[in-house]
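Some notes on the structure that comes next.
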2 protein chains.
Amino acid sequence: MATRYLTAKLAQQIDEELMSTAGAFSLDQLMELAGLACAQTLATVYKKEKYPRVLVCCGPGNQGGDGLVAARHLGMFGYQPTIYMPKPGSKDIYKRLQLQCDNMQIPTIPPSAELQPLQGALKSTDVILDAIFGFSFQPPIRAPFDNALPLLGKSGLPIVSVDIPSGWNVEKGNDLGVGLEPDVLISLTAPKEGVRLFKGRHFLGGRFVSKTLENKFGLNLPVYPDFAQIVELPQVEEEGSSQKL
Amino acid sequence: MATRYLTAKLAQQIDEELMSTAGAFSLDQLMELAGLACAQTLATVYKKEKYPRVLVCCGPGNQGGDGLVAARHLGMFGYQPTIYMPKPGSKDIYKRLQLQCDNMQIPTIPPSAELQPLQGALKSTDVILDAIFGFSFQPPIRAPFDNALPLLGKSGLPIVSVDIPSGWNVEKGNDLGVGLEPDVLISLTAPKEGVRLFKGRHFLGGRFVSKTLENKFGLNLPVYPDFAQIVELPQVEEEGSSQKL
């Protein structure tokens with residue numbers, strides 16, 4: 001059976017279940033494994049020898065938290081991450097994750113409403129990790145991200161998006177045409193409806209869903225290899241060939 | 001320069017530093033990465049096709065917590081873990097980790113002062129993960145572990161020990177001769193003094209030590225490959241050849 005693609009509501013439900021009594025996970029645990037999976041996906045596709053400088057773009061929510069964890073692991077892997085985080089999250093966990101990056105001497109572009117610092121950073125970046133908006137994103141795109149997204153998109157740099165490319169509708173995809181068009185996507189827990197037709201390399205991470213939970217929601221997750229924390233999903237067929245289905 | 005082997009006191013200091021303001025890590029995060037490293041080490045050496053049934057032996061402290069995290073990941077990897085935890089820890093995190101294993105249908109041998117349940121479990125075990133005592137262990141070995149350790153040792157099953165083989169002095173090794181003699185060891189953060197002459201396969205996990213912290217304590221950690229969470233240490237030379245040094 002095919003892997004299930006989640007609506008925003010279902011993704012929210014599964015997240016809640018993982019952290020409820022039935023799952024018993026802490027956000028710290030889930031975010032650590034999710035962020036590790038993001039870092040490993042980027043490292044799988046973009047080797048540090050050729051793409052050492054990663055601009056990790058973080059939104060103010062849990063997606064941004066995943067980004068901060070990924071930035072730290074990328075630093076451990078030998079990359080040179082820089083954090084773009086114009087609106088730091090207010091949650092305690094977010095602040096701790098930031099501090100962990102500070103302690104690792106990972107630089108953060110000073111928060112600013114201006115775009116110049118981001119423009120400057122893009123000039124010394126080899127690959128972008130997009131952890132701005134997640135599955136709870138609702139349009140419109142607010143400042144400063146409304147101006148930042150086009151800058152990232154036009155940079156010509158390879159982009160790895162976390163869970164849902166920033167600016168996309170979680171269920172309808174890039175329906176407004178204002179979202180990023182990443183080369184690589186790392187879905188977390190299970191892929192979302194909006195990325196069903198995503199044509200780039202598509203990975204799944206978040207290897208913490210029990211069989212009970214998987215069956216309850218009919219997820220039909222792909223099989224992860226050995227002890228890996230990520231699994232690559234099969235390529236979506238091109239439009240021409242999909243007509244045969 | 002050679003990797004530094006830690007005294008019990010130094011190991012304690014580094015742990016505290018990781019969780020202090022200077023490190024900012026939560027125990028949840030560190031334990032998740034440590035337990036994952038333990039599971040990945042076992043899976044590297046003992047393939048699930050040949051060694052599917054793992055008896056995860058957990059003490060009442062943080063070492064036991066690492067074991068519970070490892071049991072969960074082993075379950076995700078497709079092993080059939082069973083938990084031996086005669087004295088469950090009382091900390092909140094320990095209880096949550098237990099619940100996570102329960103939710104994954106990982107069986108736990110009912111706590112008992114008797115040895116029969118453990119004896120029974122050993123008959124249907126392929127490999128043992130020893131997460132009973134860690135670097136804060138002080139002799140004497142208390143019941144029921146005083147009787148359980150010899151049972152595990154005499155089982156003839158392969159043993160993977162976490163951080164320090166149970167029953168060993170953290171600095172002097174198996175000086176009383178009552179400790180386990182594991183085939184594989186997974187040291188966490190940095191190896192301890194007592195395992196300097198350990199002859200089996202020796203791995204290191206806990207890839208969360210910043211360069212600043214590493215330099216402060218002069219750890220000279222080995223280089224982890226790519227984005228792996230474990231690294232195998234060079235084999236200790238045999239006594240005969242070490243005389244040449």
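The values are calculated or read from the model by the stated rules, or taken from the named source; none is laboratory data. As the structure is a prediction and not an experimental result, all values here were calculated from the model. So basically every Cβ, Gly included, is an ideal-geometry build from the backbone, and we count neighbours across all protein chains shown. Note: accessible area is taken over every heavy atom of the protein model, side chains too, but ligands, DNA and RNA are not part of it. Shrake-Rupley method; radii C 1.70, N 1.55, O 1.52, S 1.80 Å.
Checked against (1) within 14 Å of chain B (Cβ to nearest Cβ); (2) farther than 19 Å from B:Ala24 by Cβ, A:Ala143 passes all but condition (1).
The residue pairs whose first member lies in the stretch B:1-23 and is touching a residue at least 60 places away in the same chain (Cβ under 8 Å) and assigned to a strand (DSSP E or B), whose second member is surrounded by 15 or more Cβ atoms within 10 Å (Cβ to Cβ) and aliphatic (A, V, I, L, M), and whose beta carbons are closer than 9 Å, counting only pairs six or more residues apart or on different chains, are B:Leu6/B:Ile14; B:Leu6/B:Val170; B:Leu6/B:Ala190; B:Leu6/B:Leu219. Looking across the stretch B:179-216, just one residue is among the aliphatic types (A, V, I, L, M), modelled with pLDDT under 95 and out of contact with any helix residue (DSSP H, G or I) (no Cβ under 8 Å at 6 or more places or on another chain), and that is B:Leu197. Listed by first and then second residue, the pairs with beta-carbon distance under 6 Å, at least 6 apart or on different chains, first residue in the stretch A:105-123 and farther than 16 Å from A:Gly156 by Cβ, second exposed (fewer than 15 other Cβ atoms within 10 Å of the Cβ), are A:Ile109/A:Pro117; A:Leu115/A:Asn147. For A:Tyr51, the conditions (1) open to solvent by 50 Å² or more (accessible area, probe 1.4 Å); (2) within 14 Å of chain B (Cβ to nearest Cβ); (3) out of contact with any strand residue (DSSP E or B) (no Cβ under 8 Å at 6 or more places or on another chain) all hold with the exception of (3).
On inspection, B:Gly78 passes the criterion of being of a type in the set (Gly, Ala, Ser), under 22 Å from A:Leu213 (Cβ atoms) and surrounded by fewer than 18 Cβ atoms within 10 Å (Cβ to Cβ). Restricting the stretch B:180-209 to residues that are among the charged types (D, E, K, R) and either touching a Ser or Thr at 6+ places or on another chain (Cβ under 7 Å) or buried (at least 22 other Cβ atoms within 10 Å of the Cβ) (or both) leaves a set whose member that is farthest from the other protein chains (Cβ to nearest Cβ) is B:Glu193.
Among the numbered conditions (1) free of Cβ contacts under 8 Å to residues at least 40 places away in the same chain; (2) open to solvent by less than 20 Å² (accessible area, probe 1.4 Å); (3) more than 9 Å from chain A (Cβ to nearest Cβ); (4) part of a helix (DSSP H, G or I), the only one that B:Ile83 does not meet is (4).
Condition check ((1) open to solvent by less than 20 Å² (accessible area, probe 1.4 Å); (2) more than 9 Å from chain B (Cβ to nearest Cβ); (3) closer than 25 Å to B:Gln29 by Cβ) across all residues:
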position	(1), (2), (3)
A:Lys9	no, yes, no
A:Ala22	no, no, yes
A:Gln29	yes, no, yes
A:Glu32	yes, no, yes
A:Lys47	no, no, no
A:Gly64	yes, yes, yes
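In the stretch B:88-101, the residue that is farthest from A:Arg207 (Cα to Cα) out of those that are more than 8 Å from every other protein chain (Cβ to nearest Cβ) and without any contact (Cβ under 8 Å) to a residue 12 or more places away in the chain is B:Asp92.
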